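What follows is one structure encoded as structure tokens, with my remarks underneath.
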Amino acid sequence: MKKHCIGIDIGGTHTDGVLIDSEEAIVASCKVTTTENPADGVSDLIEKICRPLHNDFSSISAVHIGTTHPTNSILEARGLARVGIIRIAPDELIVTPGASWPRYILSAIAPRYVTLRGGYECTGRAIQVVSRLAVQEAIKTLLDAGVEAIAIVGVFSPLVADQEKYVRDLVHAFAPHVPVTCSSDIGGIGFIDRENGAILNASLAYAVNQTLGKISQHIADSGIHAPIRISQNDGTLMDCVTALRFPVRMISAGPTNSAVGAAHLAGLDHCVVADIGGTSTDVVVVRGGIPRKSYKNSSIGGISLNARMPDVISIALGGGSIVAAGRIGPSSVSRALRQKSEAFGGTSCTLTDCAIKTGALMIDGADPACVKMSFVHAEEYLVKAVRSLERALVALRGAHPIPAVLVGGGASLFPADLFKEHVVIPSHAGVANAVGAAFGKISATIDTVVSLADADSLSVARATVYEKAEQAGANPKTISIVDEVVIPYAYTEGNMARVVVMATGESLWK
Amino acid sequence: MILISQDMCAALAEGVAVLGSGGGGEPSLERLALSDLLYRGYQVRMITVEELPADAYVVPVACMGAPMVAFEKIPTISQCLALSRMIKDAAAGRPLVIMAAEIGGGNGILPLIMAALLEVPVLDADLMGRAFPEIPMVAPVLFGAIPSPFYMVGTDGAATITADSPVRIEDIARGICVSLGSAALVATYCMDGATARSCIIPGTVSLAFHIGHALIAARIDGKDPIAALLRVVKGREYARGTIVSIEHTLDNGFLRGRVLISGDADTVLIFKNEYLAIKSAGKIVATTPDILLLLDEQTGAAIATEALTHGIRVVAVAIQAPAVWRTLQGLSLVGPRAFGIETPYQEIQI
């Protein structure tokens, strides 16, 4: 019997879904408008894409979900918890937590912080032992100040995480209901950027818990009893429990999923992908089927992070971009296209109107005659939009041409012959991100300290991570090591080093 | 006297990165700290060398250690205060003025942070006019100064080093620095105001600001940032092209290597932490102590030797070094031969 997997992508504007079978065929796909509470749209979506199964859901063996909900929570400063920060450092640092953050996000998180004496040197030596009493006082101070979640950040914790874990255990014992994030689980060396990630992670705890909880409930209520996995920044999947602990690992899953999905749909391993949405377009380079990562530090909403994210260029150009006086965007009618744009009887002229006017695009209920602009002008705007898309594609891929793939709701606006180079608009381009979620791989990571003097230490670490990937549901035949980071401890004997190894493999749901 | 304002921070960071000549360490943390302190109500008063009282006690400061450590083990407020306590006896009641030992990189902003915390003025000057890798590579050495005593403060310990030669100070200080966790705040070449006036390099903090301001303004106006830079400094452009090859090795704590740029003609930059020479078509056309740079062609942002990336479009530029380095004495201390490059120094032809 064929098995099935559901892929869902919950974006700010649309929620997309696909149903794929074990031969990787797309059985059904669907796009609905994202609801005020993002979980509510999911039931409707599942009902639509599962129609071909005639109410027999027993063949569904996995549900893979990507969501930009945590990203939007940060950017809109909505539903963020008030965060208390426990720094473990030699003393008060010259920089306070949240320095240079956008004020509107900062005021939503209202960070309070306490500095505990402690931390490590780059050799792994403890600068000072953390006092239990001081920890208890710190927790009390923060809770009295009304914090709802706690982030713990210690100097050199990516090298030695013991003090962070000690403090975390005391928080669990003292205030079991308070979500805690340790910075060593979030990022590598670079205190401020890692702290930023830990604070954001802690602040997302409630919003993500609610959303994922509701989504799981809706899926169970639909009669689907399959494991739910969540897309993370690198395009691989994590289980729900991990996702609840580390929501910050989801914040760039959106562009990643559309890139992975686009490459899959186009059958290309190496390409540059433009995901054209309603308001903006994300451009990503795909190599070996996964998005190329940024070498510079990443950031979200003006907050710098040291997690490695896909290298994305975003431009303010989408189907809803308003065109006027020779300019395209940056303002957009966003999700109100069918109310506000001229072709639907509204008063705003958008790029979609231009495409309807020229006949490049036909939508039910849209009337080209309602678009006031002349045919010639409309085409000029489309060409102008194509030129700025091309600039973004070239800026990211470099001088050497590689195939370009256009996906997203706005991909159908642009006739391929307007482009100077060959572009591919694959079938199902509108739901590429849901396809990316569906085809996400299973990953496992270990993070340990070894002696590089011992020749076997790295191979032992690799073997362990293989085993973990298999346990997480990866097909053993497809598991491979995709990332290996060795951070040597400076100036110590025995060549001690922290080793982080990640393996991925295909999901076994088939 | 001027008050440093919040909106000067970004320009300062861009400018000190340019004056770092590829080294000096990325200034983002110092920029963040300065901006945070100003936001929290601290003040930074900057005075010119003309305004420097003759009886002031001038304290050049810097952060010493491994760059990776500096991003993790951020200086503490008490560390800054401890450094000022160490020099208290030597200051003997004279009013303190903080200054940069090295304007290039993060060390160009650190003195402003210290001045804010210690509530004393900072001097618009430094000892190098750029970044250099070693403690004795400073202008006062040309006038007979030695870096003794050398004050070092870690997070859980401090040391005062005295020795007769700059080279011995350097050796001892490196050893102690490792023991302090490879990150220490240091103060040295402390001197009175009258002495300082005759042997330091004036105006370098404002120069950094003007450079950064020009780059940022060009970016906003969509103008060529390199042309904007060359309007505020004496210098010239040597090549534009794409980085096609980078070779580097870690040599005794220094990042050594060469980078090849492919454009109209092939250009090579040789570096040891900082860029030391520009070679065009096999011939050396510019060398240290002039400030050699690779800038991002689009943004004009300086690209540090530790941040070189394949495939980016860059412009190679040389900025004329302060006059004191272009003397015979100056060149023997920081000219190409001091870095093992067997070539005579050539003046930039502007």
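Could you state the accessible area per residue of chain B in Å², with a 1.4 Å probe and every protein chain left in place?
Result: 38 Å² of accessible area for each residue.
Can you compute the helix-only [θ] at 222 nm over chain A? Use -39500 (n - 2.57) per DSSP H run of at least 4 residues, normalise by all residues, nearest 500 deg cm²/dmol.
Theoretical 222 nm ellipticity from helices: -9500 deg cm²/dmol.
In a Gaussian network model over chain B where Cα atoms closer than 10 Å are linked, find which of B:Ala116, B:Ala307, B:Ala70 has the largest mean-square fluctuation.
Per the Cα network of chain B with a 10 Å cutoff, B:Ala307 tops the list.
Just B:Glu237, B:Glu51, B:Glu306 to compare: in a GNM of chain B, with alpha carbon springs under 10 Å, which one fluctuates most?
B:Glu51
Round to the nearest 0.05 the FRET efficiency obtained for A:Ser480 and B:Leu260 when R0 = 35 Å and r is the Cβ-Cβ distance.
0.55
Per residue, how much space in cubic angstrom lies within the convex hull of the C-alpha atoms of chain B?
Dividing the Cα hull volume of chain B by its residues yields 127 Å³.
Using only helices, what value at 222 nm comes out for chain B when you add -39,500 (n - 2.57) per DSSP H run of length 4 or more and divide by the total residues, to the nearest 500 deg cm²/dmol?
Calculated mean residue ellipticity at 222 nm is -8500 deg cm²/dmol.
Take region A:369-510, compute every pairwise Cα distance, and split them into 10 Å bins from 0; I just need the percent in each bin.
Reading upward from the zero bin: 10, 23, 20, 20, 15, 9, 3, 1.
What is the sum of charges around B:Asp156, taking Lys and Arg as +1, Asp and Glu as -1, for the other residues whose C-beta is under 15 Å from the C-beta of B:Asp156?
Local net charge: 0.
About the Cα centre of chain A, how large is the charge dipole given +1 on each Lys and Arg Cβ and -1 on each Asp and Glu Cβ? Please answer in debye to the nearest 20.
Rounded to the nearest 20 debye, it is 620 debye.
Please compute how much accessible surface disappears when A pairs with B, both sides summed, using a 1.4 Å probe, and round it to the nearest 100 Å².
Adding both sides of the contact gives about 2200 Å².
Mind giving me the nanometre distance, one decimal, between the label points for A:Glu36 and B:Asp7, set 7 Å out from Cα along Cα→Cβ?
For the pair A:Glu36/B:Asp7, the computed spacing is 4.1 nm.
Suppose R0 equals 25 Å. What FRET efficiency, 1/(1 + (r/R0)^6) with r the Cβ-Cβ distance, do A:Lys48 and A:Ser314 give to the nearest 0.05?
With R0 = 25 Å, the Cβ-Cβ based efficiency is 0.25.
Can you give the net charge of the other residues whose Cβ lies under 14 Å from the Cβ of A:Glu390, counting K and R as +1 and D and E as -1?
+3
Can you say what percent of the DSSP beta bridges in the protein assembly as shown, counting only those with both residues inside, are antiparallel? Round to 5.
Roughly 75 percent of the DSSP beta bridges within the protein assembly as shown come out antiparallel.
Suppose a student asked you for the relative contact order of chain B, using Cα pairs under 8 Å spaced at least 6 residues apart; what percent would you report?
Averaging sequence separation for qualifying contacts and normalising by length gives 19 percent for chain B.
Once you sort the root eigenvalues of the Cα gyration tensor of region B:1-137 as a ≥ b ≥ c, which label holds: rounded (a/c under 1.5), prolate (a/b larger than b/c) or oblate (the other case)?
Rounded shape, in that the Cα axes give a/c under 1.5.
Which of rounded, prolate or oblate describes region B:70-199 when judged by the alpha-carbon gyration tensor and an a/c cut-off of 1.5?
Here region B:70-199 falls in the rounded category.
Compute the normalised compactness of region A:202-324: alpha-carbon radius of gyration over 2.2 N^0.38 Å, N being the residue count.
Cα Rg divided by the expected 2.2 N^0.38 Å: 1.18.
What does the charge count around B:Cys63 come to, taking other residues whose C-beta lies under 10 Å from its C-beta (Lys +1, Arg +1, Asp -1, Glu -1)?
-2
Sort out for me the Cα centre separation of region B:107-148 from region A:33-67, rounded to whole Å.
64
Please calculate the 1.4 Å probe accessible area of B:Met1, with all protein chains present, and give it to the nearest 10 Å².
Solvent-accessible area, nearest 10 Å²: 120 Å².
With a 1.4 Å probe and every protein chain kept in, tell me what percent of the accessible surface of the protein assembly as shown is carbon plus sulfur.
Carbon and sulfur atoms account for 53 percent of the accessible area of the protein assembly as shown.
From the backbone phi of region A:324-329, what are the Karplus-calculated ³J(HN,Hα) couplings (6.51 cos²θ - 1.76 cosθ + 1.60, θ = phi - 60°) in whole Hz, Gly and Pro given as x?
Each residue's phi maps through the Karplus curve to give 6, 6, x, 10, 10, x Hz.
May I ask for log10 I(q)/I(0) of region B:131-219 at q = 0.10, 0.13, 0.20, 0.25 Å⁻¹, from a Debye sum over the Cα atoms as equal point scatterers with solvent left out?
-0.36, -0.56, -0.97, -1.20
Suppose we compare each residue of region A:70-96 in its chain alone and in the full protein complex with a 1.4 Å probe; which ones drop by at least 20 Å² of accessible area?
Relative to the lone chain, where solvent access is computed with a 1.4 Å probe, region A:70-96 loses at least 20 Å² at A:Pro90, A:Asp91, A:Glu92, A:Leu93, A:Ile94, A:Val95, A:Thr96.
Which value, in debye to the nearest 20, describes the size of the charge dipole of chain B about its Cα centre when Lys and Arg Cβ atoms bear +1, Asp and Glu Cβ atoms bear -1, and nothing else is charged?
240
Let a ≥ b ≥ c be the square roots of the eigenvalues of the Cα gyration tensor of chain A; is it rounded (a/c under 1.5), or, if not, prolate (a/b larger than b/c) or oblate?
Prolate, since a/c reaches 1.5 and a/b exceeds b/c.
How large is the Rg to Rh ratio of the protein assembly as shown when both quantities use alpha carbon positions and Rh follows Kirkwood?
The Rg/Rh ratio comes out at 0.99.
The values are calculated or read from the model by the stated rules, or taken from the named source; none is laboratory data. On a predicted model such as this, the values are computed, not experimentally measured, just so you know. As a convention, Cβ positions derive from the backbone with ideal geometry for all residues, glycine included, and neighbour counts pool all protein chains shown. Accessible surface areas use protein heavy atoms only, side chains included; no ligands, DNA or RNA. Shrake-Rupley method; radii C 1.70, N 1.55, O 1.52, S 1.80 Å.
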